[in-house]
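The values are calculated or read from the model by the stated rules, or taken from the named source; none is laboratory data. As the structure is a prediction and not an experimental result, all values here were calculated from the model. Note that each Cβ is placed from the backbone with ideal geometry, even for glycine, and that neighbours are counted across all protein chains shown.
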There are 4 protein chains.
Amino acid sequence: MTEKFHGVIPPVVTPLTADGEVDVVSFERSLNRMIDAGVDGLFTLGSSGEVAFSTDKRRREIIENVMRIVDGRVPVLVGCIDTETNRVIEHAKEAKELGASAIVATAPFYALGGMAEVERHFRLIHEAVPDLPLFAYDIPVCVHTKLPGNLLVKLGKDGVLAGVKDSSNDDVSFRFLVDDNNKAGHPLTLLTGQEVVVDGAYMAGADGSVPGLANVEATGYVRMWKAAQAGDWATVKKEQDWLAALMRIVTVPSGVAGFGAGVGAFKTAMALLGVFDTNQMPDPVCPLKGENVEAVAGVLKEVGLTLAKSPQEVSDSTK
Amino acid sequence: MTEKFHGVIPPVVTPLTADGEVDVVSFERSLNRMIDAGVDGLFTLGSSGEVAFSTDKRRREIIENVMRIVDGRVPVLVGCIDTETNRVIEHAKEAKELGASAIVATAPFYALGGMAEVERHFRLIHEAVPDLPLFAYDIPVCVHTKLPGNLLVKLGKDGVLAGVKDSSNDDVSFRFLVDDNNKAGHPLTLLTGQEVVVDGAYMAGADGSVPGLANVEATGYVRMWKAAQAGDWATVKKEQDWLAALMRIVTVPSGVAGFGAGVGAFKTAMALLGVFDTNQMPDPVCPLKGENVEAVAGVLKEVGLTLAKSPQEVSDSTK
Amino acid sequence: MTEKFHGVIPPVVTPLTADGEVDVVSFERSLNRMIDAGVDGLFTLGSSGEVAFSTDKRRREIIENVMRIVDGRVPVLVGCIDTETNRVIEHAKEAKELGASAIVATAPFYALGGMAEVERHFRLIHEAVPDLPLFAYDIPVCVHTKLPGNLLVKLGKDGVLAGVKDSSNDDVSFRFLVDDNNKAGHPLTLLTGQEVVVDGAYMAGADGSVPGLANVEATGYVRMWKAAQAGDWATVKKEQDWLAALMRIVTVPSGVAGFGAGVGAFKTAMALLGVFDTNQMPDPVCPLKGENVEAVAGVLKEVGLTLAKSPQEVSDSTK
Amino acid sequence: MTEKFHGVIPPVVTPLTADGEVDVVSFERSLNRMIDAGVDGLFTLGSSGEVAFSTDKRRREIIENVMRIVDGRVPVLVGCIDTETNRVIEHAKEAKELGASAIVATAPFYALGGMAEVERHFRLIHEAVPDLPLFAYDIPVCVHTKLPGNLLVKLGKDGVLAGVKDSSNDDVSFRFLVDDNNKAGHPLTLLTGQEVVVDGAYMAGADGSVPGLANVEATGYVRMWKAAQAGDWATVKKEQDWLAALMRIVTVPSGVAGFGAGVGAFKTAMALLGVFDTNQMPDPVCPLKGENVEAVAGVLKEVGLTLAKSPQEVSDSTK
């Protein structure tokens, strides 16, 4: 039933105009480009989709655009990211109303609690939207809670969770989770949020991946997934090596860290490649400028991609 | 100009019915009790005011109730707590519309960033509601960023921040902050969020305190503040010792941690004292029950408070 | 020059008698068993070799035993683990005197510092024993510092470091490190300290592995390495899956955490397999007993290994 | 019985020559100066006494010098800081042999474990040197374990611990510890390791303090302790405010963090005041130089202290 969520499901990066509005034209270009590349689904309003930066109105605008543009060609997972249960449930109901194929929620954050609260949180969300597949988003770097494998599998067996998007960067736990999930009859679809060690996750038995970098270059991830399905590990490794080289766009900017460097580099690369019109970032983050744009351009050229715009043009695309 | 925010300004705990609705009758009882005790202000929708658990509709409902009940008797600070700038600004505008005397905002959370984003975040909030005094809420245990003293003082001198609510539990940094603020001409009103070491904060030069425990017992905090103003440190110490003994209500519950133990104990104590009708907690947190309620009752009796309800009655007040 | 450190280099677990003395007979059995299985080297006095628990006299005793038993059949790396530079240098000089093939040192720990101190630390160690290859041991879970890839490669190019033992559980950084090292002409031998995601590390380009679990079962790791060298990734995956199932010995004990669960399970498994005479642990850690020994035995049987001793006998092997 | 450990007990900073040897002449000057100022004891080989940087031979040399110079005038506590139990016991036996009045040990560090190991660790140390009062050193910033109050009081009641040196910077826990200790009949002598919020610790009921800054200026801490004993809190506050201003020597250096900034500033101040001949630091830490020495000098002058040497002379005192 959740097999439709296997494969490459990029977390959708949201294009903005220089004024900070949703850039619908760039959005169409980007989503169509990923679908044409053969992705198996799309995940909107994930961490790299700037969900935390978007007002409720903006979130609705993003979902509506994605649903309209995708138009059923691939399943759409929608991030319902907020601090605690009742706020998440509001997003979940809206996502359902707008046609989401599945929703994705993290552990509660901001307030301190324990695993009893985490478990009850997911159960209450599921009760509120019982027909909608619910993915747990394991992202301790943002929510400061690591979801334990035994809890995830238990919630899978109980029909609460349909899957997990694992962005914990804990590949040891992920392998044990894959194993526990298999022993339990595979109730969970397990997706890795990794970008440069997806090959290892596939060897471990992941059902798919959610790589932010696929916004920049989806074809490599699609080829890697197909090769993994075919057991052609040499190709998997080759594709991963190339994508890891491309991922260096996020390590070359200087003087900026976190979201501004990571998603900032994705948007910059997409602007350089002509997919986005600007590399505008949501407040309070500033877009990459000057030498940082040049550094991203340098990586793109090094891995063999062709620029549609000059670094100067991209630097000038925002205020 | 911000002297009206000096003194004891409790973060308001929100009473719920057994069904999870705002309990207006208990709310009136509690707020009036604190005002009658002589508090200098109230801070609604802080962390212990369950801001993170409340939907936007619920937040509005809480603010409206507080403003109506307080009716100008003391200033009301309103917490505008959300992940990133634009979401916070929405809350800030609503708080302004509803009559807040000041607003309180944390550093951005969920997405990773650096100090450049933190600074720009506060500047953008201030630009959006320039007339409303803005307090920075330094609470690294929730937002995982410690606000540096030099940034706070700089934003104070620039007229961006009116004050700081320090819940960092870093008394060394707080003392240096007090000193730096004095050297800069005291642009910031500095409030400690401590409960059991408020005496030390007053010796360090705090302009007031924001103790959650004052929901249970405001009179002691009012006496302590007056004694500190008078330089009567022996009384300050005596009151703090008694309040520290009372604060043990948050350490006696077992099998529960974080918000469920802390605010859970506050609500339980207030129910035992007849201030709240129930000790109901917001989802996904469960209220204290059975032995944990008895343990809280034991602390109340030990420090000499008279129970209005039995532990059994309080246990039975929720489902 | 450092190619002799490629391949499978288990961190040697130290057998103790029930009285806490080094168990020389078990030590011979274990080391010979790993060498017969085809390991490419041995790393003594690593974290799982109980270096932190051993007095200087005990450390010397362990090194002497290892050197005597190994007798030049494979290279021996010696852990020189201590808080700060001068203490590490003492261990390094002793390791050299006792015939170590290479030494392994972590970043400084206990005192707080920055990257300038880390860099100078490694440079001073190298100056003290310039002829001995020096490996950096990246183990933030113990020393609370993550060694940055650019610093490691710089120290490699400068001839300070011969290699890295990566126990950071940060596979993303490791892949970038491999790439940076290759771009710099491969000055560093890069060994992963992983146990259940070694397949991914090999795909990323690791020069070898240092898996504690190889003390229990070296043959699987040797087969995995040979398959990786041959590009036979299907076999790599198969061996890793089996070893990951075996690694569950460290997750089944209850009521114990950290070293007591991890190395405690290794020693228990080795006792059950007849390699060690006891599963004695160094003070203040207690050996696994009763149901925890049975749980470890259950995992061994599940993956098809044959027990030489009953769980009861192993429980009785210590006081 | 442990009342002799009440009051001001500075952690002794160790003077080095420019060649990194123990500077005996400066050591005599500094220890005599503190004893003349009226301190109640001395604590050698604490964190700021560079215990982690000192080889075993160097540690012995430091203890011998301290014992000889102090010559029974005040009690001497000796830090026995090492990773795990057996290594600590070696130091403890040596400290006893050299005439220590008491020893001080942290929780185990480097290897991961739980509270069972922490408790057994302190019990085994006490068993090894049963006649020597044992202080627990609660310093999570270095050892990454916070000692729980209930464990400390339990070990106090069992006669294992004589006291606690609290460097946890968690004043809330400290106040609860004081209270629990009083309820248990005061088995533990409770010393705060704070420097700028000692006033608060005294109001909370601390039995004394262990301020590193007292190496620079002991007289203020002695006056503060006497005032606290007399209940003269206005004087306590006045002295603390002045000492907090002096403590700014550790925040003014730039480009250096942790031990190099903290103890680096202490040594620099002591050199400027003519107490130490150099501000030499132990490897791999570099001494403060140039503008950082000037910044420290500026603070000293600002609080009214007279320099015996120029910043240039102190900069030139090391290589």
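Quick rundown of the values:
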{"item": "Residue in region C:11-31 that is surrounded by the fewest Cβ atoms within 10 Å (Cβ to Cβ), counting only those that are assigned to a helix (DSSP H, G or I) and of a type in the set (A, V, I, L, M, F, W, C)", "result": "C:Val25"}
{"item": "Neighbours by Cβ (under 6 Å, 6+ apart or cross-chain): first from region A:216-236, under 20 Å from A:Val275 (Cβ atoms); second of a type outside the set (A, V, I, L, M, F, W, C)", "result": "A:Gly220/A:Glu239; A:Tyr221/A:Pro211; A:Val222/A:Gly38; A:Arg223/A:Glu239"}
{"item": "Identity of the residue in region A:231-244, within 8 Å of chain C (Cβ to nearest Cβ) and surrounded by fewer than 17 Cβ atoms within 10 Å (Cβ to Cβ), that ends up nearest to A:Glu291 (Cα to Cα)", "result": "A:Ala234"}
{"item": "Boolean, A:Lys57 is at pLDDT 95 or above, more than 27 Å from A:Asn182 (Cα to Cα), among the basic types (Lys, Arg) and touching a strand residue (DSSP E or B) at 6+ places or on another chain (Cβ under 9 Å)", "result": "no"}
{"item": "Qualifying residue in region A:37-60 (condition: surrounded by 19 or more Cβ atoms within 10 Å (Cβ to Cβ) and over 23 Å from A:Ala92 (Cα atoms))", "result": "yes"}
{"item": "Region A:32-83, residues that are of a type in the set (Asp, Glu), more than 14 Å from chain B (Cβ to nearest Cβ) and part of a loop (DSSP other than H, G, I, E, B)", "result": "A:Asp40, A:Asp71"}
{"item": "Hey, D:Leu132 within 23 Å of C:Gly258 (Cβ to Cβ) and at pLDDT 95 or above or not", "result": "no"}
{"item": "Qualifying residue in region B:97-106 (condition: outside any loop (DSSP other than H, G, I, E, B), charged (D, E, K, R) and over 24 Å from B:Lys57 (Cα atoms))", "result": "no"}
{"item": "Residue check, D:Ala100 in contact with a strand residue (DSSP E or B) (Cβ under 8 Å, 6 or more places away or on another chain) and of a type outside the set (S, T, N, Q)", "result": "yes"}
{"item": "Helices (runs of 4 or more DSSP H) within region B:249-319 that include 1 or more residues within 14 Å of chain A (Cβ to nearest Cβ) and under 28 Å from B:Val141 (Cα atoms)", "result": "B:259-272, B:290-302"}
{"item": "Residue tally, condition over 15 Å from D:Ala245 (Cα atoms) and either buried (at least 24 other Cβ atoms within 10 Å of the Cβ) or small (Gly, Ala, Ser) (or both), over region D:202-223", "result": "9"}
{"item": "Given (1) in contact (Cβ under 8 Å) with a residue 40 or more places away in the chain; (2) closer than 21 Å to D:Phe27 by Cβ, number of the condition D:Glu302 does not satisfy", "result": "(2)"}
{"item": "In region B:202-223, residue nearest to the chain's Cα centre (by Cα) [restricted to those that are assigned to a helix (DSSP H, G or I) and within 14 Å of chain D (Cβ to nearest Cβ)]", "result": "B:Gly212"}
{"item": "First in region D:268-283 and outside the structural domain of D:Val51 (by the TED database), second anywhere and modelled with pLDDT under 95 and in a loop (DSSP other than H, G, I, E, B), Cβ under 9 Å, 6 or more apart", "result": "D:Gln280/D:Lys319"}
{"item": "C:Ala92, sole failed condition from (1) aliphatic (A, V, I, L, M); (2) within 14 Å of another protein chain (Cβ to nearest Cβ); (3) touching a Lys or Arg at 6+ places or on another chain (Cβ under 6 Å)", "result": "(3)"}
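Residue by residue, here is whether (1) farther than 15 Å from C:Ala136 by Cα; (2) free of Cβ contacts under 8 Å to residues at least 12 places away in the same chain holds:
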residue: C:Gly72; (1), (2): yes, yes
residue: C:Gly79; (1), (2): no, no
residue: C:Thr85; (1), (2): no, no
residue: C:Ala95; (1), (2): yes, no
residue: C:Pro108; (1), (2): no, no
